[in-house]
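Structure first, then comments.
None of the figures in this text is laboratory data; all of them are computed from the coordinates on show. Computed from a predicted structure; not experimentally measured. Every residue, glycine as well, gets a Cβ built from its backbone with ideal geometry; the counts of neighbours run over all protein chains shown.
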Amino acid sequence: MRTCLIVAMAILFLAKPGFGEDIKPEQIKKMYDDALAQLKAAQDRKAELSRENEVLNAKLAEMQKQLAESQDQVVSLKRELATHDDKTFTLRAYLAAWETFLHHHPVLQAQWDAYVGHSVLNWPADLPDLLNLDWQPDLTEMDSISAANEPQQASWKEERGAAPDPVGPTN
């Protein structure tokens, strides 16, 4: 309220009437109401900006938290990468030494190649048709299969002669 009074007094002092002009009370009341409206609008805008600032600060804190988590993850991945680099270097060095050793011992090289070539883990070169996903049935095969499933002309009883029925004649 004190600020309203100060604003109103400032308006009155700045708005000096010219010589011969009279300021009416209605004009002063109108200027006072305008100053109050502007002051209220400024306070509302200040409160709105304060709320927006709080929301943005919350978003900033969340993003900083995510950034810290990401940086921790990067550090752990770099540490893991260094560990894997050490392991792969050791394995590559061992493989190079093994290949050099085999190169100097041709008999052992032939035995090793035979062992690796017939490993249980190797896939056969020719896969059977059962595992072939592009296999299409042959229509001639289908005809021979259906012919094998049809009833035959004569049964084994008719070929050998009719045997007496153990149950007896049916009427």
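General remarks:
- Neighbour counts of other Cβ atoms within 10 Å put Trp112, Trp98 in the fewest-to-most order Trp98, Trp112.
- For Arg79, the shell of other residues with beta-carbons less than 14 Å away shows a net charge of -2, using +1 for Lys and Arg and -1 for Asp and Glu.
- Inter-label distance for Val74 and Ala35, nm, one decimal - labels placed 7 Å from Cα along Cα-to-Cβ: 5.6
- Potential lengthening between Glu26 and Ala58 on full extension [0.36 nm per residue; Cα-Cα distance subtracted]: 6.7 nm
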